[in-house]
Amino acid sequence: MSGECLNFENPVGDALSRVQFAPQSNNLLISSWDSKLRLYDVDSSLLRLEAPAPSQAALLDCCFQTESVAFTAASDGSIIRYDLHSGTNDAIGNHQDIAACVGYSIETCQVISAGLDKKVMSWDVRLANPLTLFRNLDAEIESISVSGFDLMVAVGAAVNIYDLRNFERAVDLKESSMDVGIRCVASTSYTRGYAIGSIDGRVAVEISNPLNLNSIRYTFRCHPKTKDGKAHLVSVNDIAFNPLMGGTFVTGDNEGYVTAWDAQSKRKLHEFPRYPNSVASLSYNHVGQLLAVASSYTYQEANETEVPPQIFIQKMDGSDIGYSPEVSRDSSRK
């Protein structure tokens, strides 16, 4: 395996659902099925916070608003706000079914949530009644991604793109070339673009470059596995783009593999040694030099090995980061 394993005095009691680095520090937010939100200071190797949810519901996603405020989505449908200094929390609203996803837009000050009730909800937490808008979609939603004013929503085998300044209708509907369900969607931070991972091991990439007409759009089988000479389909559970090196991203699959890719050259940069369990979540820190890897069972398969969940911090060097000058973050400056 690869990277340094974080040490917890009281181990995480159930599956990990999300890890996310803070906007401007190396504090790591951790949500899990044991109904606790944790904040881990990676630089000091200290657990800063372990806050129980208001109910016994599993926490299925989490995100930062600021360095001191975070949100979670829970299996009882609740969207919960946490003060990361005091550990206090309050529910800002609810879905009518499991709340699977939550994200935050700094540009619009909106919390975005989605769930198995087929709704995407927008919350303005500055208001006394924070629910500002919701949309009914035709399918259960398992993954969303927020970048700037753009919201990417994975619905079935398609991606709906919304402008959060005008949430009334989708600005783009992207039919995936894959005929199976999308497991995860991740948006780029430097231009409009995204990558999606499917339940059968494929990845589709679509990135627009505002400076030229050479937009990127292709699909590939990310984690081809074989067992007894036969193709073995493995879900791509998460994708994360490097925030500083445009076009470089990592994928994590259900068999514990993490691979770095260059979107521009369509080549594999590096495959890390296999982690002890499925890769449930990935997150780069704000300067793209650290990668958090949540190694955990995911309840996707009946015969998953329930190795205790672990979180690894991988230091990224040049071969892992890669460089794509045509789609680098610097090239998108106006």
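The values are calculated or read from the model by the stated rules, or taken from the named source; none is laboratory data. Because the structure is a prediction, the values reported are computed rather than measured. Glycine also receives a Cβ, built like all others from the backbone with ideal geometry; neighbour counts cover every protein chain displayed. Each accessible area value is taken on the protein alone, full model and side chains, heavy atoms only, with ligands, DNA and RNA left out. Shrake-Rupley method; radii C 1.70, N 1.55, O 1.52, S 1.80 Å.
Confirm whether Glu140 is open to solvent by 10 Å² or more (accessible area, probe 1.4 Å), in contact with a Gly (Cβ under 9 Å, 6 or more places away or on another chain) and over 23 Å from Ser68 (Cβ atoms).
Working: open to solvent by 10 Å² or more (accessible area, probe 1.4 Å): yes; in contact with a Gly (Cβ under 9 Å, 6 or more places away or on another chain): yes; over 23 Å from Ser68 (Cβ atoms): yes.
Criteria met by Glu140.
Any chance you could count how many residues in the stretch 246-270 are part of a loop (DSSP other than H, G, I, E, B), closer than 18 Å to Ile207 by Cβ and of a type outside the set (Lys, Arg)?
Residues that pass the stated criteria total 5.
Can you work out which of the residues in the stretch 262-281 that are open to solvent by less than 10 Å² (accessible area, probe 1.4 Å) and within 19 Å of Ser145 (Cβ to Cβ) is farthest from the chain's Cα centre (by Cα)?
It comes out as Ala263.
In the stretch 117-141, how many residues are in a strand (DSSP E or B) and not charged (D, E, K, R)? Give the steps one after another, and end with the answer.
Pass one, the stretch 117-141, residues in a strand (DSSP E or B): 119-123, 131-136, 141.
Okay, now just the ones that are also not charged (D, E, K, R), so 120-123, 131-134, 136, 141.
Of the residues in the stretch 117-141, 10 are in a strand (DSSP E or B) and not charged (D, E, K, R).
Would you confirm, using the coordinates I've provided, whether Glu50 is open to solvent by 40 Å² or more (accessible area, probe 1.4 Å) and under 20 Å from Asn10 (Cβ atoms)? Reasoning before the result, please.
Numbers: open to solvent by 40 Å² or more (accessible area, probe 1.4 Å): yes; under 20 Å from Asn10 (Cβ atoms): yes.
Taking the combined requirement at face value, the residue satisfies it.
Whether any residue in the stretch 192-214 is open to solvent by 50 Å² or more (accessible area, probe 1.4 Å), modelled with pLDDT under 75, assigned to a loop (DSSP other than H, G, I, E, B) and under 27 Å from Ser296 (Cα atoms) is what I want to check.
Among the residues of the stretch 192-214, not one is open to solvent by 50 Å² or more (accessible area, probe 1.4 Å), modelled with pLDDT under 75, assigned to a loop (DSSP other than H, G, I, E, B) and under 27 Å from Ser296 (Cα atoms), which makes the answer no.
Can you pull out every residue in the stretch 104-116 that is of a type outside the set (Ser, Thr, Tyr), open to solvent by 10 Å² or more (accessible area, probe 1.4 Å) and assigned to a strand (DSSP E or B)? Give the steps one after another, and end with the answer.
Taking the stretch 104-116 as the starting set, the residues that turn out to be of a type outside the set (Ser, Thr, Tyr) are 106-107, 109-112, 114-116.
Then drop every residue that is not open to solvent by 10 Å² or more (accessible area, probe 1.4 Å), which leaves 106-107, 109-110, 116.
Once the filter is applied, which keeps residues that are of a type outside the set (Ser, Thr, Tyr), open to solvent by 10 Å² or more (accessible area, probe 1.4 Å) and assigned to a strand (DSSP E or B), the stretch 104-116 yields only Gln110.
Which residue pairs have Cβ atoms closer than 8 Å, lie 6 or more positions apart in sequence or on different chains, and pair a first residue in the stretch 55-83 that is surrounded by fewer than 22 Cβ atoms within 10 Å (Cβ to Cβ) with a second residue that is outside any strand (DSSP E or B) and of a type in the set (Val, Ile, Thr)?
Taking only residues 6 or more apart or on different chains, the pairs are Gln65/Val125; Ser75/Ile98; Asp76/Ile98; Gly77/Ile98; Arg81/Val125.
Scan (1) modelled with pLDDT under 85; (2) touching a Phe, Trp or Tyr at 6+ places or on another chain (Cβ under 9 Å); (3) outside any loop (DSSP other than H, G, I, E, B) for the single condition His223 breaks and write down its number.
(3)
The rows are residues; the columns are (1) more than 24 Å from Lys119 (Cβ to Cβ); (2) assigned to a strand (DSSP E or B); (3) under 16 Å from the mean Cα position of the chain (by Cα); (4) at pLDDT 95 or above.
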residue	(1), (2), (3), (4)
Glu9	yes, no, no, no
Gly13	yes, no, no, no
Pro23	yes, no, yes, yes
Leu49	yes, yes, no, yes
Asp61	no, yes, yes, yes
Phe64	no, yes, yes, yes
Ala70	no, yes, yes, yes
Ile80	no, yes, no, yes
Ser86	yes, no, no, no
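Return a yes/no flag: does the stretch 117-129 have any residue that is at pLDDT 90 or above, open to solvent by less than 10 Å² (accessible area, probe 1.4 Å) and under 28 Å from Arg202 (Cα atoms).
Checked against the condition, which is being at pLDDT 90 or above, open to solvent by less than 10 Å² (accessible area, probe 1.4 Å) and under 28 Å from Arg202 (Cα atoms), the stretch 117-129 yields at least one hit.
Name the single residue, out of those in the stretch 143-158 being at pLDDT below 90 and part of a strand (DSSP E or B), that is surrounded by the fewest Cβ atoms within 10 Å (Cβ to Cβ).
Per the criteria, the residue is Ala158.
Could you please find all residues in the stretch 22-40 being of a type outside the set (Phe, Trp, Tyr) and open to solvent by less than 20 Å² (accessible area, probe 1.4 Å)?
So in the stretch 22-40, the residues of a type outside the set (Phe, Trp, Tyr) come out as 22-32, 34-39.
Scanning the stretch 22-40 gives Ala22, Leu28, Leu29, Ile30, Ser31, Ser32, Ser35, Leu37, Arg38, Leu39.
Which one is most open to solvent (accessible area, probe 1.4 Å), of the residues in the stretch 234-261 that are of a type in the set (A, V, I, L, M) and touching a Lys or Arg at 6+ places or on another chain (Cβ under 8 Å)?
Residues of the stretch 234-261 that are of a type in the set (A, V, I, L, M), as a first pass: 234, 236, 239-240, 244-245, 250, 258, 260.
Applying the additional criterion that residues be touching a Lys or Arg at 6+ places or on another chain (Cβ under 8 Å) yields 234, 236, 244-245, 260.
On the way: Val234: 4, Val236: 0, Leu244: 76, Met245: 45, Ala260: 0 Å².
Per the criteria, the residue is Leu244.
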